[in-house]
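The values are calculated or read from the model by the stated rules, or taken from the named source; none is laboratory data. Remember, predicted model here, so these are calculated numbers, not experimental data. Note that each Cβ is placed from the backbone with ideal geometry, even for glycine, and that neighbours are counted across all protein chains shown. Side chains included, ligands, DNA and RNA excluded: accessible areas come from the protein's heavy atoms. Shrake-Rupley method; radii C 1.70, N 1.55, O 1.52, S 1.80 Å.
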Amino acid sequence: MSGLKTHDEIVANPFNLPEVWRFDHFGEMMEKMEVSDTGFFGMLFNSIYFSVIGAIFSSMSTAMLAYVTCKYKFPGAGCYFVASLITMILPIYGNGGSMYVLLHDLGLLNSRWMILTSFSGIGVNYMYFHAFFQNVSNTYAEAAEIDGAGDYTIFFKVILPQAMPMLCAIFLIIWMAEWNNYSTAVLYLNKLPTLSAGIYLFQTEATNSKGMTTQTL
């Protein structure tokens, strides 16, 4: 609603409907918003690419790892749960430098292959899936195994359909977080800016330009 108003209308009547609906503002914004030679639609594509595919990778890998560590008894399964809990407790501030060096050495900076870092399996989403699979009866897998189903068939055709509502919810949460995540794109994908990064940089530049103009006056 504010985007359809003039500046004077926003200041005078911030909560009223526009007197004149200025849809041309959006066209002007799409033309002017450009970051690293990437226009509006390029940033939109980058946002869809990293948020949608990244959310699919993250939710699926987390679900599979939680299922394996929950239903299969092997040395270290319980330790992984504890390790996941500990990493959630530890502070994450200050790891930006080491992450930058790691991505640089792997050749993932400013690369679409950075989508590989979306493969997860740790954190609060892992806890959710782990708790869910704990409450899924083993009789489903046992009945399918008697009928000749293998491990992959049991997971993808018997267990995963039961977890589909939760999987979709986790996917939606991750997608929203990645869609609005501008810091990762600003730090590691400055040549492949997403829409959130473009809006952030565009707003920052506009704010700094306004501040410099005010100081000059």
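Quick rundown of the values:
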quantity	calculated
Residues Phe41 and Trp113, FRET efficiency given R0 of 25 Å [Cβ-Cβ distance, rounded to 0.05]	0.70
Global geometry of the range 106-154, whether rounded, prolate or oblate, following the gyration tensor of its Cα atoms and the 1.5 cut on a/c	oblate
Extension gain from Ser61 to Met1, taking 0.36 nm per residue of separation minus the Cα-Cα distance	17.6 nm
Summed residue charge, Cβ within 12 Å of His25's Cβ, Lys/Arg positive, Asp/Glu negative	-1
Counted charge near Val35, where neighbours are those whose Cβ lies closer than 12 Å (Asp, Glu -1; Lys, Arg +1)	-1
Accessible area expressed per residue, the chain, with surrounding protein chains retained (probe 1.4 Å, Å²)	65
Using θ = phi - 60° and Karplus 6.51 cos²θ - 1.76 cosθ + 1.60, couplings along the range 150-164 (whole Hz; Gly, Pro as x)	x, 4, 5, 5, 4, 5, 7, 10, 10, 7, 4, x, 6, 8, 4
Apportionment of accessible area to carbon and sulfur, the chain, percent (1.4 Å)	66
Prolate/oblate/rounded label for the range 79-145 (Cα gyration tensor, a/c 1.5)	oblate
Alpha-carbon centroids, the range 5-51 and the range 59-120: separation in whole Å	36
Whichever aspartates and glutamates have a C-alpha closer than 19 Å to that of Lys157, once near sequence neighbours (fewer than 8 apart) are set aside	Glu142, Glu145, Asp147
Contour excess over end-to-end distance, with Cα ends at Val101 and Val68 and 0.36 nm allotted per residue	8.7 nm
Choice from Pro91, Pro14, Pro165 showing the highest fluctuation, given a GNM over the chain with Cα pairs closer than 10 Å	Pro14
For volume of the Cα convex hull per residue in Å³, calculated from these coordinates, the label among [x] 203; [y] 179; [z] 108	[x]
Extension gain from Val158 to Thr87, taking 0.36 nm per residue of separation minus the Cα-Cα distance	22.5 nm
Residue among Thr87, Thr184, Thr194 with the largest mean-square fluctuation in a Gaussian network model of the chain, springs linking Cα atoms under 10 Å	Thr87
Overall form of the range 30-103 per C-alpha gyration tensor (a/c, 1.5; a/b vs b/c)	oblate
